[in-house]
Amino acid sequence: LEVHLMPRRSEFVLDGIPLHQKNRTLRMTKVYTGQRFTSQTVLTDDVFTYVSFFFSSHRKAMKFVDHQNQTKYGNPNQYGYEFYWKQSEIFYRAAQQMPIEAAPVAAYYCMLNAAKSYLSYTSESVDAFVEEFGLHGLNEDNNDLGEDISTISIKHKQKGVFPLFANSLDADFLSLWPLGISHTLKSLLYNLPFVHRTFSMTYSSRSSKVDELFIPLTVGDMPKYYRGNDGKAYLAVDLDRSYFPPNAQTIPSGTLAMISSDFVPYNNAGLKLISTAGVRYNSNSISNELKELNDNLRKNFSYIRGAKRLWYLKKTRSTTPGVLNLCNLTINMAAMHRLSEIARYKPEQLNRLMHSKENWLIHEFISQSLDQFIDELAAQITKQDIMGINQK
């Protein structure tokens, strides 16, 4: 990866206009890995139908490389991505009709089949996943007390859909979440931006306040690439002023200490951050260096599905216990699996939680997580931003 370290910030100047490629602004999109910068935003209120049509126009043959596997597992076409996507939609529709006490079961199976669809579509052969598809790859910690979500935890196994899916999104998954290590349901929800405000409201009090993990970007904006006065392309973001004290002129040093070292303040003034590394840029093509840099920087950002583009910078260096720097899809799926187990096998425990101070947090997660998951995964499958007709 060819990178160019930024000169001293006081001497560094960005062009005021974002870079463009084929008349498209060079910006970060919802896609977590392998972004295609020139893809257009898709407007639809039926993401399942759109992805089904996408699959129809991007067909690939399902095949076994090892003929012994075909003898063992049968026709490879039965493991096709279109089938799993349809199964996901069926469970999605069911979850929408279920009461909150039962919805986690259908919601998890929606996520499970959507993950299978993605793995099937992106794998070179059926051999790569067929043995894993019979296993969930997640389990509860038997030492859980289960009194509240801080004493309900989850571990992953070596094999199964979940670790295969997680590894496909983050190559360093096993180093970030090693085998045998448990994470509480509370810490998983802490790492999800779409319930972060609810999380803060649940646990903040007059005497203590939750350390917020996500810094909002200016509403409607997203990370964009600009040309520096050295000719390199740099990613820059404008942080939302409302997050900081009214008289703040610069980003506080305490906040900077918790942000990835991949970013520094632009010219030591204002609330703009710029990547510390720049890469060569050609207006006629996207360099591999730029693609690799973007995949690396993308891990620092999250978005919330909504009527507008709502992007957030995660404090990935926060020392607050429970910070987990993995793809939101991974965290979301793990949390829903744990709640689905409780709904199936310990309904009395779910009932206790729904009558505790954590009830609104759990309700909001169950209500919002599925739409967020499908939105993020649809982007990952199609390499396109997909937004509702009334979204911008």
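I need the full set of residues from the stretch 322-359 which are open to solvent by 40 Å² or more (accessible area, probe 1.4 Å) and over 20 Å from the mean Cα position of the chain (by Cα), in order please. The answer is R344, Y345, K346, P347, E348, N351, R352, H355, K357, N359. Counting only helices (runs of 4 or more DSSP H) wholly contained in the stretch 322-382, the ones carrying 1 or more residues that are under 24 Å from K157 (Cα atoms) and without any contact (Cβ under 8 Å) to a residue 24 or more places away in the chain occupy 328-345.
Every residue, every condition in (1) in contact with a His (Cβ under 6 Å, 6 or more places away or on another chain); (2) more than 21 Å from E376 (Cα to Cα), yes or no:
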{"site": "S168", "(1), (2)": "no, no"}
{"site": "L174", "(1), (2)": "no, yes"}
{"site": "I181", "(1), (2)": "no, yes"}
{"site": "S207", "(1), (2)": "no, yes"}
{"site": "F214", "(1), (2)": "yes, no"}
{"site": "D221", "(1), (2)": "no, no"}
{"site": "N229", "(1), (2)": "no, yes"}
{"site": "L235", "(1), (2)": "no, yes"}
{"site": "D238", "(1), (2)": "no, yes"}
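Flag: V219 does not match the condition of being crowded, with 17+ Cβ neighbours inside 10 Å, hydrophobic (A, V, I, L, M, F, W, C) and not in a helix (DSSP H, G or I). In this structure, F173 does satisfy being touching a helix residue (DSSP H, G or I) at 6+ places or on another chain (Cβ under 6 Å) and at pLDDT 95 or above. Summed over the stretch 245-279, the residues that are modelled with pLDDT under 90 and of a type in the set (K, R) give a count of 0. Restricting the first residue to the stretch 17-31 and requiring it to be part of a loop (DSSP other than H, G, I, E, B), which pairs with a second residue that is open to solvent by 70 Å² or more (accessible area, probe 1.4 Å) meet a Cβ separation below 6 Å and a spacing of at least six or different chains? Sorted first by the residue in the stretch 17-31, then by its partner, the pairs are L19/R227. Being part of a loop (DSSP other than H, G, I, E, B) and over 20 Å from E140 (Cβ atoms), is that true of even one residue in the stretch 172-182? There is at least one residue in the stretch 172-182 that is part of a loop (DSSP other than H, G, I, E, B) and over 20 Å from E140 (Cβ atoms).
Within the stretch 16-37, restricting attention to residues that are loosely packed, with under 12 Cβ neighbours inside 10 Å and at negative phi, the residue that is modelled with the lowest pLDDT is G16.
Check whether at least one residue in the stretch 202-210 is crowded, with 16+ Cβ neighbours inside 10 Å, among the polar types (S, T, N, Q) and either free of Cβ contacts under 8 Å to residues at least 60 places away in the same chain or under 25 Å from E147 (Cα atoms) (or both), and report yes or no. Within the stretch 202-210 (the criterion being crowded, with 16+ Cβ neighbours inside 10 Å, among the polar types (S, T, N, Q) and either free of Cβ contacts under 8 Å to residues at least 60 places away in the same chain or under 25 Å from E147 (Cα atoms) (or both)), the answer is yes, since at least one residue qualifies.
Here's the yes/no breakdown for (1) open to solvent by 40 Å² or more (accessible area, probe 1.4 Å); (2) farther than 15 Å from S340 by Cα; (3) hydroxyl-bearing (S, T, Y):
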| position | (1), (2), (3) |
| --- | --- |
| S123 | no, yes, yes |
| E131 | yes, yes, no |
| G137 | no, no, no |
| T151 | no, yes, yes |
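Looking only at residues of the stretch 241-295 that are part of a loop (DSSP other than H, G, I, E, B) and charged (D, E, K, R), we find that the one that is least open to solvent (accessible area, probe 1.4 Å) is D262.
The values are calculated or read from the model by the stated rules, or taken from the named source; none is laboratory data. Predicted, not measured: the structure shown is a model, and the values here were computed from it. Positions of Cβ are generated from backbone atoms using ideal geometry, with glycine treated the same way; all protein chains shown enter the neighbour counts. The accessibility values were calculated without ligands, DNA or RNA, using every heavy atom of the protein model including side chains. Shrake-Rupley method; radii C 1.70, N 1.55, O 1.52, S 1.80 Å.
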